[in-house]
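The values are calculated or read from the model by the stated rules, or taken from the named source; none is laboratory data. Predicted, not measured: the structure shown is a model, and the values here were computed from it. Here the Cβ is made from the backbone with ideal geometry for all residues, glycine too, and neighbour counts use every protein chain on show.
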Amino acid sequence: MKKYDVAVVGGCAAGITAAIAVKRQNPELNIVIIEKLPRIGKKILATGNGRCNLTNLNAVCTDYKNPAFVSRVFEKYSPDKVIEFFESMGLLTYSDSEGRVYPGSNMAASVLDVLRYEVEGLGIDVICDTAVNQITKKNGGFTVNGEIECRKILLATGGKASPSQGSDGSGYSLATQLGHTVTKLYPSLVPLTASGAPKALKGVRARNVKLTLENGKVLKETKGELLFTDNGISGIAAMELAALAEESVSTVKVKTFTHIDFLPGMTEKELVNYLLKVKDIKEYCPMDMLFVGTLPKAIGIEICKAVKLYKQDKPISFLSYRDIACIAAKAKNYELEITGTKGFANAQVTSGGIPVSEINAETMESKLCKGLYFAGEITDVDAGCGGYNLQWAFASGLLAGENL
């Protein structure tokens, strides 16, 4: 039977960070990271389109689910503190205009490399290719898989999103073995599926759109890039609606819709006036050219088709004032019925997890099982795109590690 002071179950961003924090403060302790994949940190390589958007300078508690809980964690480990942590391992970073922070190399592998070498340099044991199926409380400590004993244990197994990267939801069953509950789980930051999604727009992007999700009442509004897919919509603006969309479709009897405002910077009246000017300027141009100055051509055509006013053989001058008004109204409110999401297999994050009411926000220790700690996505905390979820992983990992 191998014996350790601390066992970290899950070699993810939160787990690796926590193990480093423990060992730095307590070099005499024996620490082990147990990972089911052949190598720790695989999911880090897929973040930020391979660049690893490791935090966001603008991240505040109100960007997250359960903000009061997050606030207490961020009091100690703000984005600046996370950046300091990486600088202490020699990683230089830069931020863009949106506050997103990336490694100076623009490669996610750099983030993983500094973490891995720190683990190795500190003498932290790593056991890979090992799935944890059972944790039992014994003699004031824990036994893992009947083979490893430890005084304290951290669950940093992630959620259910992207199971190919190691997050298959197994951590939830481990938590329930130790007396915890799990909230309803939904895929988040994942493309939406929609009924009647226009096939002609597959692969077409629109920037700076506004989406409104509703099922008889407004659930959420987002702004950002929109990408049309073969059976729905993707892009930041759509994916940030995913968890609420999945919940609405699966639990509410009325239909769920998203309303797309392709030009949120203009009122409907302003858009009508703009299109009337376009009509004067380009009166002999084909109708394909009506939105060319503002939107991708294919989207402009689709808007005209949606109100049954598209005539390929007619010039823009063919449109009456009433026609222009109808087209403008559709551009400001293009409706799609949402039927669900692409599921956990394609999701970046899990919404839901271990209720924060069961975790001490000052330490990340369980309120129900002494010596058990949590960090990262396994908790019922998530946020939108832009480095916010990795900020939570690193911040909660550092706090858990400090207190382990």
query = If you check Tyr77, Tyr102, which single one turns out to be crowded, with 18+ Cβ neighbours inside 10 Å, in contact with a Lys or Arg (Cβ under 6 Å, 6 or more places away or on another chain) and in contact (Cβ under 8 Å) with a residue 40 or more places away in the chain?
reply = Tyr102
task = Give Ala18, Ala7 a once-over and let me know the one that is closer than 29 Å to Asn133 by Cβ, part of a helix (DSSP H, G or I) and either more than 17 Å from the chain's Cα centre (by Cα) or free of Cβ contacts under 8 Å to residues at least 24 places away in the same chain (or both).
result = Ala18
ask   = Does Leu91 count as of a type in the set (A, V, I, L, M, F, W, C), over 30 Å from Glu221 (Cβ atoms) and out of contact with any strand residue (DSSP E or B) (no Cβ under 7 Å at 6 or more places or on another chain)?
value = no
message = I'd like to check something: does segment 83-102 contain any residue that is under 22 Å from Tyr373 (Cα atoms) and over 16 Å from the mean Cα position of the chain (by Cα)?
response = yes
note = Residue hits (segment 76-91; among the hydrophobic types (A, V, I, L, M, F, W, C) and either closer than 18 Å to Arg51 by Cβ or not in a helix (DSSP H, G or I) (or both)) are Val82, Ile83, Phe86, Met89, Leu91
request  = Out of the residues in segment 128-158 that are surrounded by fewer than 18 Cβ atoms within 10 Å (Cβ to Cβ) and among the β-branched types (Val, Ile, Thr), state the one that is nearest to Tyr373 (Cα to Cα).
outcome  = Thr136
task = May I ask you to list the residues in segment 122-148 that are outside any loop (DSSP other than H, G, I, E, B), farther than 13 Å from Tyr4 by Cα and in contact with a helix residue (DSSP H, G or I) (Cβ under 8 Å, 6 or more places away or on another chain)?
result = Leu122, Ile135, Thr136
task = Only strands (runs of 3 or more DSSP E) wholly contained in segment 331-401 count here; list those with 1 or more residues that are of a type in the set (D, E, K, R) and within 30 Å of Leu192 (Cα to Cα).
result = 334-341
task = Select from segment 251-267 the residues that are surrounded by fewer than 15 Cβ atoms within 10 Å (Cβ to Cβ) and not β-branched (Val, Ile, Thr) and write down the one among them that is nearest to Glu225 (Cα to Cα).
result = Pro264
query = Considering Asn333, Asn346, which residue is surrounded by fewer than 14 Cβ atoms within 10 Å (Cβ to Cβ), within 21 Å of Gly224 (Cβ to Cβ), of a type outside the set (Lys, Arg) and out of contact with any Gly (no Cβ under 6 Å at 6 or more places or on another chain)?
reply = Asn333
ask   = Which pairs have Cβ atoms under 7 Å, sit 6 or more apart or on different chains, and link a residue in segment 383-398 that is buried (at least 24 other Cβ atoms within 10 Å of the Cβ) to one that is of a type in the set (Lys, Arg)?
value = Gly387/Arg100
ask   = Val218 is checked against (1) within 22 Å of Cys304 (Cα to Cα); (2) modelled with pLDDT of 95 or more; (3) out of contact with any Lys or Arg (no Cβ under 9 Å at 6 or more places or on another chain); (4) surrounded by fewer than 17 Cβ atoms within 10 Å (Cβ to Cβ) and fails just one. What number does that condition carry?
value = (1)
query = Exactly one of (1) within 13 Å of Ile20 (Cβ to Cβ); (2) surrounded by fewer than 16 Cβ atoms within 10 Å (Cβ to Cβ); (3) free of Cβ contacts under 8 Å to residues at least 40 places away in the same chain is unmet by Leu91. Its number?
reply = (2)
query = Can you pull out the residues in segment 25-57 that are in a strand (DSSP E or B) and surrounded by fewer than 24 Cβ atoms within 10 Å (Cβ to Cβ)?
reply = Val32
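If you take just the strands (runs of 3 or more DSSP E) that sit entirely in segment 175-240, which of them hold at least 3 residues that are aromatic (Phe, Trp, Tyr) and out of contact with any helix residue (DSSP H, G or I) (no Cβ under 6 Å at 6 or more places or on another chain)? Break it down into steps so the answer makes sense when it comes.
Details: elements: 186-188, 192-195, 205-214, 218-228, 232-234.
Filter on segment 175-240 gives an empty set.
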task = Please enumerate the residues belonging to segment 122-164 that are under 24 Å from Pro27 (Cα atoms) and basic (Lys, Arg).
result = Arg151, Lys152
